[in-house]
Amino acid sequence: MKASRPEPVLVFGYGNPSRGDDALGPLIIEQLDALRRLDRLQGVDVLTDFQLQVEHVMDLIDRELVIFVDAAMAQVEPFRWIEVEPEVDASWSTHSLSPGALAGVYQHLYGPLPRIRLLSVGGERFELGAELSAVAASNLQAASAALLEALYSAGSVSSSHSTTVPTRASS
């Protein structure tokens with residue numbers, strides 16, 4: 001049986017939903033997944049996990065664009081875009097990788113990289129058991145809107161309906 005080819009774009013949100021604002025990456029993935037289920041976002045695969053691991057290098061195969069989404073401490077801006085460059089980093093042998101280290105492993109194993117970006121979303125509370133802060137909730141909406149704009153302007157995704165980002169209350 002032949003495996004199906006993945007969508008050209010992967011959005012990978014990571015973080016721990018039990019640690020307050022660290023849930024920002026997975027929450028954005030929930031929103032994108034809701035759009036996908038409503039057939040409002042095509043050409044995009046979504047993935048979430050607690051952290052990046054060396055095994056995730058396989059998820060980058062056959063992609064044109066990969067966008068990682070993660071919460072950031074002490075970030076003044078609600079969100080910011082960072083172009084990810086491959087790094088030679090010994091962290092590949094640990095339980096957690098940076099996007100650059102994952103890109104470095106991919107490049108070493110498979111050669112040319114897809115375009116890789118990080119959407120860093122500002123948060124302020126990362127304690128175990130904390131709720132999402134009001135600042136993070138606001139940043140979540142701003143970052144989600146910017147992400148959708150970037151996806152559609154990239155030209156490799158399409159929409160058949162409205163692209164309003166669903167919230168938990170509306171999904």
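The values are calculated or read from the model by the stated rules, or taken from the named source; none is laboratory data. Here the structure is a predicted model, which is why all the values come from computation and not from measurement. As a convention, Cβ positions derive from the backbone with ideal geometry for all residues, glycine included, and neighbour counts pool all protein chains shown. In case anyone asks, the SASA skips ligands and DNA or RNA and just uses the protein heavy atoms, side chains included. Shrake-Rupley method; radii C 1.70, N 1.55, O 1.52, S 1.80 Å.
At 0.36 nm per residue, minus the direct Cα-Cα distance, what do M73 and M58 gain on full extension? Give it in nm, one decimal, please.
Values: separation 15, 0.36 × 15 = 5.40 nm, distance 2.82 nm.
2.6 nm is the gain from fully extending M73 to M58.
Let me check I've understood the local charge: for G129, count other residues with C-beta under 14 angstrom from its C-beta, Lys and Arg +1, Asp and Glu -1. What total comes out?
Its environment carries a net charge of -2.
Which order do Y110, Y14 take when ranked by solvent-accessible area (1.4 Å probe, heavy atoms of all protein chains), largest first?
Y110, Y14
Please list, in chain and number order, the residues 5+ apart from Q51 or on another chain whose amide H is under 5 Å from its amide H, with Hs placed from the backbone.
G15
According to a simple spin-label model (label point 7 Å from Cα along Cα-to-Cβ), what is the distance in nm between E85 and Y152?
Those two pseudo-labels are separated by 3.3 nm.
What are the extents of the Cα atoms of the range 1-152 along their three principal axes, in Å, largest first?
Taking max minus min along each principal axis of the Cα atoms, the range 1-152 gives 44, 40, 27 Å.
If packing is taken as the average number of other Cβ atoms within 10 Å across a peptide's residues, how do 61-68, 77-84, 25-32 rank, most packed first? List each step's numbers first, then the result.
On the way: 61-68: 19.6, 77-84: 15.2, 25-32: 23.1.
Answer by packing, highest mean first, reads 25-32, 61-68, 77-84.
Assigning unit charges at the beta carbon (Lys, Arg +1; Asp, Glu -1) and nothing else, what dipole magnitude in debye, to the nearest 20, does the range 1-153 show about its Cα centre?
My answer is approximately 360 debye.
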